[in-house]
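Written below as structure tokens is the structure these notes are about.
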Amino acid sequence: MLTDKYSSLIDMANSMGVDDLTVNEGDGVLHIDGTAKSDDDKKALWDEYGRLDPDFRSGDLVLNIASAGGGSGTTYTVQSGDTLSAIGQKYGVAWRDIFEANRDILDNPDLIKPGQELKIPGA
């Protein structure tokens with residue numbers, strides 16, 4: 001069960017008081033959604049996810065945690081040769097945050113294509 005695998009992440013979200021926290025498992029994927037009280041709380045949750053799945057390659061978790069501070073709605077159009085890491089450095093955002101913010105159009109963080117418009121969270 002994926003809830004067992006990610007129990008420390010779920011427990012952390014609960015102890016932080018993540019608003020509107022939902023945890024749903026289906027089709028081999030665990031979805032964790034909610035709104036963290038601060039950017040620091042959101043980062044701590046991502047850090048825990050990184051500890052549990054260091055390369056974010058399992059593909060069995062969708063972590064959709066917003067920050068109560070919201071975002072400015074910045075977007076970036078992918079250019080030839082871009083990587084999520086390089087885009088993240090440009091905006092001061094972790095590549096995994098960009099990846100998760102764009103899970104609706106990205107399945108693999110290594111497969112971005114020129115012309116894709118990516119949401120840049122917190123930029």
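Under a point spin-label approximation (7 Å from Cα along Cα-to-Cβ), what is the ASP104-ALA68 distance to one decimal in nm?
In this crude label model, ASP104 to ALA68 measures out at 2.5 nm.
Treating the beta-carbon of each Lys and Arg as +1 and of each Asp and Glu as -1, no other charges, what is the dipole magnitude of the chain about its Cα centre, to the nearest 20 debye?
On the way: 11 positive and 22 negative charges, 86 e Å.
Roughly 420 debye for the chain.
From the square roots a ≥ b ≥ c of the eigenvalues of the alpha-carbon gyration tensor of region 1-70, which class results: rounded (a/c under 1.5), prolate (a/b over b/c), or oblate? Display every interim value, and only then the final one.
Details: a/c = 1.80, a/b = 1.45, b/c = 1.24.
Because a/c hits 1.5 or more and a/b exceeds b/c, region 1-70 counts as prolate.
What shape does region 52-123 have by the C-alpha gyration tensor, where a ≥ b ≥ c are the square roots of the eigenvalues, rounded means a/c under 1.5, and otherwise prolate means a/b greater than b/c and oblate the rest?
Working: a/c = 1.61, a/b = 1.06, b/c = 1.53.
Here region 52-123 falls in the oblate category.
How big is the antiparallel share of DSSP beta bridges in region 17-66, given as a percent to the nearest 5?
Working: 6 of 12 bridges.
Of the beta bridges lying entirely in region 17-66, close to 50 percent run antiparallel.
Below 16 Å, Cα to Cα, which aspartates and glutamates can LYS90 reach? Residues fewer than 8 away in the same chain don't count.
Candidates past the 8-residue exclusion: ASP82, GLU117.
How big is the antiparallel share of DSSP beta bridges in the chain, given as a percent to the nearest 5? Write down the numbers at each step before the final one.
Working: 9 of 16 bridges.
Around 55 percent antiparallel, to the nearest 5.
Express in nm, to one decimal, how much length is gained between ASN24 and THR77 on full extension, taking 0.36 nm for each residue of separation and deducting their alpha carbon distance.
Details: separation 53, 0.36 × 53 = 19.08 nm, distance 3.16 nm.
Difference between extended and current length: 15.9 nm.
Counting alpha carbon pairs within less than 8 Å and at least 6 residues apart, what relative contact order, in whole percent, applies to region 80-123?
Details: 40 pairs, mean separation 20.2, N = 44.
Worked out over region 80-123, it gives 46 percent.
Taking the Cα centre of region 8-63 as origin, sum charge times position over the Cβ atoms of Lys and Arg (+1) and Asp and Glu (-1), and report the length of that vector in debye to the nearest 20.
Working: 5 positive and 14 negative charges, 24 e Å.
In debye, rounded to 20, region 8-63 gives about 120.
Computed from the coordinates by the stated procedures, all read-outs in this text should not be read as laboratory data. Values in this document were obtained by computation on a predicted structure and should not be read as measured data. All Cβ positions, even for glycine, are placed from backbone atoms using ideal geometry, and neighbour counts span all protein chains on display.
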